[in-house]
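Shown next, in structure tokens, is the structure this report addresses.
Here, each number is a calculation from the coordinates, and none is a lab measurement. Bear in mind that the values here come from a model prediction, so they are computed numbers and not experimental data. Note that each Cβ is placed from the backbone with ideal geometry, even for glycine, and that neighbours are counted across all protein chains shown.
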Amino acid sequence: MKKVFDGQKVKEVIRMKKQNEFDLAVDIRNRFDKGELKRELNNMVWMSTIVAPNLPGFEKVWKKNGWIGVISHYKHIDKLEEAAYRGNVKAEYCGDWIRVFGEIAEESPNLNLEKEMFQRHYDKFWDKKKSVNDHMPMSGKGPAFPGNRVRLGTSHKLGDISGEMQAKIKKFGAIQQSSREVRFRNLEIRAISEMSQIGGGMKVWSPQERDICYRIEVAFGLRVGATISGTTTDTLFFLKYFGSWLNGYMDPIFYMLPFATIAAAGHHSLIEVALPLSLWGLIDYTIGNYTSLIPKMKSSSVGSHAIKEILRKYEQNENNRRILVYFLQSEVPAGYWEFESSDQGVFNTMAKADKQLMSQFSAMPKPYMDELTLSKWYRNARQGNPRLKL
């Protein structure tokens, strides 16, 4: 076990870890833009563009989302359909379209019923776009949502917001700190070079300190996103609907598509995409062990092998430190514990991305883990009880 409390060293290690994870998502996206994965993805988009205009919610949603990349680029559904038929739509735009299609489905009663039935077939703990620590069913959009994030730059809120968080988000934007860094959303320090990696999700939404994902992200030195990804479940719905239409089979590697379309686009962090996939039982992810992002169902395709190699590469990267970060008072890290090979098993039990981990961070009395709490958690894990209340 290595313990580091040099402020500059802590900041740099965390920054490089975040960058490594973002680069991983980008490389996954690049692979979905090649060969058979691109062809199959475009086939799904093509089929959906034939279906979408016939759905009741299409016109409303298409007009409302004119700012989204795929719509602003193609302008008309016929042009998107033609490009997908030819296999020319990039994964980035495919991701935009999947999000739009999910919204069309929500506005179309018949499909929405199918969607709800599909979701109920899985664990009721996860319901699309609801707060993961609120188990009550909900419907609709907007301020009625019980959530742990706020819409920046407006008075639109999801759930109760602490006075401290109100002050943090009162003025949205990246506040200049130096020639090299900004304080983004007042939640984390980022290098100027990282600001181009921020997508619409992170620009529009900011998590609150009681948000479970936020607490996990700061504890493990991960990039702070926009809370757990509801668009990931849009993607699963889309894959269920169109994944096997053409040949009766969908390669399970497509369950990794949200990393390419959501995490690589900067809408959510990698863990915010991985958690819903874990909750749905599609992956068995341990934070930092990127090869565990591979879906449980076996795939032997060329694209699958290539993505496995990408995951292995980034898992072995020197910047993929197995660390847990502790704090003194606020969101500025005071130090970290780095788990070396002799403690790898202990880290793996502490870093398993599942409901228990989420429940544990939800129950923490403070959003930022201090070193005493970290020490207690580590001691429990070594004794085989990593999930004891902290």
Would you mind ranking Phe259, Phe22, Phe237 so that the residue whose beta carbon has the fewest other beta carbons within 10 Å leads the list? Phe22, Phe237, Phe259
What nm distance separates the two modelled labels at Asn54 and Ala363, each placed 7 Å from Cα along Cα→Cβ? 5.1
Using each residue's phi in region 73-79, evaluate 6.51 cos²θ - 1.76 cosθ + 1.60 at θ = phi - 60° and report the 3J(HN,Hα) Karplus result to the nearest Hz, with x for Gly and Pro. 7, 8, 6, 9, 4, 5, 6
Arranged by the count of other C-beta atoms within 10 angstrom, fewest first, what order do Asp27, Asp354 take? Asp354, Asp27
Taking the beta-carbon count within 10 Å as an exposure proxy, list Thr231, Thr286, Thr373 from fewest neighbours to most. Thr373, Thr286, Thr231
Contour excess over end-to-end distance, with Cα ends at Lys34 and Asp284 and 0.36 nm allotted per residue: 87.4 nm
Testing the spin-label approximation: label points 7 Å from Cα along Cα→Cβ at Glu318 and Lys79. State their distance in nm. 4.7
